[in-house]
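> One structure follows; several queries about it will come next.
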Amino acid sequence: MSATRTLTLADLALPRAGVVHNVALIVGASIVTAIAARVAVPLPWTPVPITGQTFAVLLTGAVLGARRAFLAQLLYLLEGAVGLPVFAGGALGWATLLGPTGGYLLAFPFAAAVVGTLCERGWDRRFVTMFAAMLLGSTVLFALGLAQLSRFVPGSTLLAQGLLPFVPGDLVKSALAALAFPAAWRLAARGRDAA
């Protein structure tokens, strides 16, 4: 694993990306996160739904790298804060960010940046390191999410409401990304060799 910055998949696809391309990538990633928020499964015992957002957030980091992913998720939060129905279940506004699930949402830019930073150092090239990068991003989501959720639910039920139901899905999502990204890099290398 290199300590210096390497290419991300977005860098590979757009090697000379200027401001317009980078803005388009940032806006596009915020839209993908909003679309992923439409995949929401409420759970009767917790205010926290199962959503596609977290997967979109972590993939944003892996594809775009730390800075663009951070900005994309910050833009996503701003879109919801100003009244666009982009949060899970079509929720919107500052009340959502200050409510029980707000900590998870506020963690999005930081989780994306963590995964992006690791992928910029080549962690997305091998299954084990990509799996670890995704889990570290999820750790950021859960840490901030649980911190805010703890203000709304009893401490004795905090893990049952805010962590445990989501661990199996996070393991599956991490494994999928850990399979896909090294494969994408192998394909890219074959394409370069053939060119």
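> Please specify each residue of the range 1-31 satisfying the condition of being of a type in the set (A, V, I, L, M, F, W, C) and either in contact with a His (Cβ under 8 Å, 6 or more places away or on another chain) or closer than 24 Å to L187 by Cα (or both). So that I can check it myself, show each step before the final result.
Keep residues of the range 1-31 that are of a type in the set (A, V, I, L, M, F, W, C), which gives 1, 3, 7, 9-10, 12-14, 17, 19-20, 23-27, 29, 31.
M1, A3, L7, L9, A10, L12, A13, L14, A17, L25, A29, listed by residue number.
> Of all residues being in contact (Cβ under 8 Å) with a residue 60 or more places away in the chain and over 10 Å from the mean Cα position of the chain (by Cα) in the range 26-64, which is surrounded by the fewest Cβ atoms within 10 Å (Cβ to Cβ)? Just the residue, please.
Step one: of the range 26-64, the residues in contact (Cβ under 8 Å) with a residue 60 or more places away in the chain are 33, 43, 45-48, 50, 54-55, 57-59, 61-62.
With over 10 Å from the mean Cα position of the chain (by Cα) added as a condition, the list becomes 43, 45-48, 50.
Working: L43: 12, W45: 10, T46: 21, P47: 14, V48: 22, I50: 16.
Filtering the range 26-64 for residues that are in contact (Cβ under 8 Å) with a residue 60 or more places away in the chain and over 10 Å from the mean Cα position of the chain (by Cα), the one surrounded by the fewest Cβ atoms within 10 Å (Cβ to Cβ) comes out as W45.
> Looking at (1) modelled with pLDDT under 95; (2) crowded, with 20+ Cβ neighbours inside 10 Å, which is the only condition F87 fails?
Single failed check for F87: (1).
> T8 versus (1) crowded, with 16+ Cβ neighbours inside 10 Å; (2) at pLDDT 95 or above: which is the lone unmet condition?
(2)
> Moving to a separate point now. Which one of these is of a type in the set (F, W, Y) and crowded, with 19+ Cβ neighbours inside 10 Å: F152, F131?
Working: F152 fails: crowded, with 19+ Cβ neighbours inside 10 Å.
Exactly one residue qualifies, and that residue is F131.
> Are any of the residues in the range 150-173 closer than 24 Å to A37 by Cα and within 13 Å of the chain's Cα centre (by Cα)? Spell out the reasoning first.
Filtering the range 150-173 down to residues closer than 24 Å to A37 by Cα leaves 150-153, 158-173.
Going one step further and asking which of them are within 13 Å of the chain's Cα centre (by Cα), we end up with 170, 173.
Yes, that holds for at least one residue.
> Can you find even one residue in the range 100-108 that is over 22 Å from P165 (Cα atoms) and in contact (Cβ under 8 Å) with a residue 24 or more places away in the chain? Quick ask: steps written out before the conclusion?
Here is the first cut: in the range 100-108, the ones over 22 Å from P165 (Cα atoms) are none.
There is no residue in the range 100-108 that is over 22 Å from P165 (Cα atoms) and in contact (Cβ under 8 Å) with a residue 24 or more places away in the chain.
> Limited to the range 29-81, what total is found for residues that are among the β-branched types (V, I, T) and part of a helix (DSSP H, G or I)?
Our first condition is that a residue be among the β-branched types (V, I, T); within the range 29-81, this holds for 31-33, 35, 39, 41, 46, 48, 50-51, 54, 57, 60, 63.
Cutting the leftovers down to part of a helix (DSSP H, G or I) gives us 31-33, 35, 54, 57, 60, 63.
So the answer is 8.
> While we're looking at this one, here's another question. In the range 6-23, is there at least one residue being assigned to a loop (DSSP other than H, G, I, E, B), within 16 Å of the chain's Cα centre (by Cα) and under 30 Å from R151 (Cβ atoms)?
So the first thing to find is which residues in the range 6-23 are assigned to a loop (DSSP other than H, G, I, E, B), and the list is 6-8, 14-18.
Still in the list and also within 16 Å of the chain's Cα centre (by Cα): 8.
Now restrict to residues that are under 30 Å from R151 (Cβ atoms): none.
No: the range 6-23 contains no residue that is assigned to a loop (DSSP other than H, G, I, E, B), within 16 Å of the chain's Cα centre (by Cα) and under 30 Å from R151 (Cβ atoms).
The values are calculated or read from the model by the stated rules, or taken from the named source; none is laboratory data. These numbers were taken from a predicted model, which means no experiment stands behind them. All Cβ positions, even for glycine, are placed from backbone atoms using ideal geometry, and neighbour counts span all protein chains on display.
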